[in-house]
1. For every other residue with a beta carbon closer than 14 angstrom to the beta carbon of PRO51, add +1 if it is Lys or Arg and -1 if Asp or Glu, then tell me the sum.
2. As I understand it, the value is the acute angle between the Cα axis of helix 36-49 and the longest principal axis of the Cα atoms of the chain; what does it come to in degrees, rounded to 10?
3. Starting with the fewest neighbours, write out PHE118, PHE52 ranked by other beta-carbon atoms found within 10 Å of each beta-carbon.
4. Subtracting the Cα-Cα distance from 0.36 nm times the residue separation, let me have the gained length for GLN165 to ASP78 in nm, one decimal.
5. Return an integer: the convex hull volume of the alpha-carbon atoms of the chain, in Å³ per residue.
6. In nm, what is the difference between 0.36 nm times the number of residues separating ARG111 and GLN201 and their Cα-Cα distance?
7. Mind giving me the nanometre distance, one decimal, between the label points for ARG48 and HIS137, set 7 Å out from Cα along Cα→Cβ?
8. Which shape class applies to the range 74-118: rounded if a/c is under 1.5, otherwise prolate when a/b exceeds b/c and oblate if not, where a ≥ b ≥ c are the square roots of the Cα gyration tensor eigenvalues?
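No value in this document is a laboratory result; all are computed from the given coordinates. Everything numeric in this text was worked out from a predicted model, so none of it was measured. Methodologically, a virtual Cβ is constructed for each residue, glycine included, from the backbone with ideal geometry; neighbour enumeration extends over all protein chains shown.
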Amino acid sequence: MTQQEFMLDLPPSPVPKHEALDPGAAVLRGHAGMQAADMLAGIRRIARLSPFRRMTTAGGGTMSVAMTCCGAAGWCSDARGHRYEPHDPLTGQPWPALPPAWRAWATDAARLAGHDGFVPDTCLINGYRPGARMGLHQDDDERTDAPVVSVSFGLPAMFQWGGLQRTDPVRRIPLLHGDVVVWGGPSRLVFHGITALRAGQHPVTGPCRYNLTFRRVWQGSSV
Ligand code: MD6
Ligand code: FE
């Protein structure tokens with residue numbers, strides 16, 4: 001029971017705050033709600049320095065999700081494939097800095113999900129408009145086995161959570177404004193994705209969804 005529930009003499013919420021997905025993976029419902037204003041303002045600041053862009057894939061397609069990054073490394077995809085880069089190829093400049101308060105917040109979220117000592121060196125920022133989607137994939141470009149802390153803001157999304165093989169059964173998990181997903185350990189390479197975003201209007205983000213993923217890309221980053 002939280003202090004506030006005690007003060008109000010109410011029974012504890014029947015809704016568990018932490019939903020275990022699989023060993024090493026959990027959903028922390030609404031955990032980033034209090035961070036929304038700060039993180040969305042931060043996204044606008046970052047996007048002025050390193051704009052959202054839709055990247056191309058090695059197959060010659062264009063991703064439906066728009067991306068930018070902050071921190072020591074940014075995820076990039078082009079005709080040559082995908083990898084992390086220390087500079088934004090669009091500007092030739094280093095990626096904008098990862099706000100220290102975000103880093104501390106992500107460390108704490110990882111700890112709540114059972115992963116101690118997570119120090120992210122990057123944050124990948126995804127912007128979705130209606131129809132944008134992310135096909136089933138593994139996050140395997142990072143050079144560490146640190147967990148990933150993922151934050152959703154704005155329009156609801158349907159998260160697909162599979163297994164370690166592409167053909168494993170997939171669960172569908174709705175993610176709402178402020179929801180956080182953490183995965184690591186034995187779940188770190190689970191296949192996952194986002195189905196096509198349904199059109200709507202969110203009071204805070206309008207017709208958009210934003211997703212931030214905090215990661216540790218390089219073991220030796222001085223952050
Ligand atoms: C998204 N996220 O939620 C897509 N990857 O928009 C991801 O692909 C993702 O949420 C690794 C860890 C967390 C994620
Ligand atoms: Fe991913």
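1. Cβ neighbours under 14 Å give a net charge of +4.
2. So the inclination is approximately 10 degrees.
3. Placing the least packed residue first, the sequence is PHE52, PHE118.
4. Result for the pair: 28.8 nm of gain on full extension.
5. Output value, Cα hull per residue: 133 Å³.
6. 29.1 nm
7. According to this spin-label approximation, the distance is 2.9 nm.
8. Oblate, because a/c is 1.5 or more while a/b does not exceed b/c.
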